[in-house]
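Colleague: Structure incoming, see below.
The values are calculated or read from the model by the stated rules, or taken from the named source; none is laboratory data. Computed from a predicted structure; not experimentally measured. Backbone-built Cβ (ideal geometry, glycine too); neighbour counts: all protein chains shown. Note: areas computed on protein heavy atoms with side chains; ligands, DNA, RNA excluded. Shrake-Rupley method; radii C 1.70, N 1.55, O 1.52, S 1.80 Å.
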Amino acid sequence: MNQPKDISHQLSELGYRLTPQRMMIVSAIENSDNHISAEEIYTQVVAKYPHVNISTVYRTLELLKQVGLVTETDLGEGRVKYHPALKGHHHHLVCQKCGAIINIDESTLARLEDVLLHRYNFSASLRHVAIFGLCGNCRK
Ligand SMILES: [Zn+2]
Ligand SMILES: [Zn+2]
């Protein structure tokens, strides 16, 4: 069985240089429990490379987003989280009262993509979406 290629492998195939800092950032994302914030990545990188600036982390994340290797979503309250695209797509339901986050399958929004395409001639890229509302507990 072929393992899916990792992020650093794909980056170098795209012609990007794999600096030690980039490698650190990439492995922080790959080793995260599916989601990681720029601040969390920075904390890990700076432990090893004290001179690294957080803007390096943001620039690298920007690059990874551009080439489609990570997706980002804003889970509210400034909680922007990054997710490696290789691990598949999914979406989130975020409770605005208790902050609970429920992960949902990407197929859940497939119908919405369909409606947007046919009714609005708009091809939505719903790869990592947060939908805000109230969870079951908070509506009791
Ligand atoms: Zn996510
Ligand atoms: Zn709730």
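Colleague: How would you rank 47-56, 83-92, highest first, on the average number of other Cβ atoms within 10 Å across their residues?
Modeller: The peptides rank, most packed first, as 83-92, 47-56.
Colleague: Starting from the Cα-Cα distance between GLU40 and ARG17, subtract it from 0.36 nm times their residue separation and give me the gain in nm to one decimal.
Modeller: Result: 6.0 nm gained on full extension.
Colleague: Now, a different point. By how many degrees, 0 to 90 and rounded to 10, does the Cα axis of helix 20-31 deviate from the longest principal axis of the chain?
Modeller: Rounded to the nearest ten degrees, it is 40.
Colleague: Among DSSP beta bridges lying fully in the chain, give the percent that are antiparallel, nearest 5.
Modeller: Bridges in the chain that DSSP calls antiparallel: roughly 75 percent.
Colleague: Please compute the net charge surrounding LEU64, taking Lys and Arg as +1 and Asp and Glu as -1 over other residues with Cβ under 13 Å from its Cβ.
Modeller: For residues surrounding LEU64, the net value is -1.
Colleague: Here's something else I'd like to know. Any chance you could look up the accessible area of GLU106 with a 1.4 Å probe, heavy atoms only, rounded to 10 Å²?
Modeller: It works out to around 90 Å².
Colleague: Taking amide hydrogens as modeled 1.01 Å from N in the peptide plane, which residues meet the under 5 Å criterion relative to VAL52, leaving out close sequence neighbours?
Modeller: none
Colleague: Hey, if you drop one equal point scatterer on each alpha-carbon of the chain and run the Debye formula without solvent, what base-10 log of I(q)/I(0) do you get at q = 0.10 Å⁻¹?
Modeller: Result of the Debye calculation: -0.41.
Colleague: Apply the Karplus curve 6.51 cos²θ - 1.76 cosθ + 1.60, θ = phi - 60°, to the phi angles in region 85-96 and return the couplings in whole Hz, x for Gly and Pro.
Modeller: Result, ordered by residue: 4, 5, 7, x, 9, 7, 10, 10, 9, 10, 7, 7 Hz.
Colleague: So, one more: Nearest 10 degrees, 0 to 90: what angle lies between the long axis of helix 110-120 and the longest principal axis of the chain (Cα atoms)?
Modeller: The angle comes out near 80 degrees.
Colleague: Further, regarding this structure: Nearest 10 degrees is fine. How inclined is helix 54-66 to the longest principal axis of the chain, computing both from alpha carbons?
Modeller: 60
Colleague: For ASP6, tell me the accessible area in Å² from a 1.4 Å probe, rounded to the nearest 10.
Modeller: About 70 Å², rounded to the nearest 10.
Colleague: Can you compute 3J(HN,Hα) from phi for each residue in region 125-140, using the Karplus curve 6.51 cos²θ - 1.76 cosθ + 1.60 with θ = phi - 60°, rounded to whole Hz and x for Gly and Pro?
Modeller: Values per residue, Gly and Pro as x: 9, 8, 9, 6, 10, 10, 10, 9, x, 10, 6, x, 4, 7, 9, 5 Hz.
Colleague: Taking amide H positions as placed in the peptide plane 1.01 Å from N, state which residues far from VAL80 in sequence (5 or more) or on other chains have amide H under 5 Å from it.
Modeller: LEU75
Colleague: Could you derive backbone 3J(HN,Hα) for region 36-50 from the dihedral phi with the Karplus parameters 6.51, -1.76 and 1.60 (θ = phi - 60°), listing whole Hz in sequence and x where the residue is Gly or Pro?
Modeller: 8, 9, 4, 5, 5, 4, 4, 4, 5, 5, 5, 5, 9, 10, x
Colleague: Taking a Cβ-Cβ separation under 4.7 Å as the criterion for a possible partner, which cysteines of the chain have none?
Modeller: CYS98, CYS138 - these cysteines have no disulfide-compatible partner (Cβ-Cβ under 4.7 Å) in the chain.
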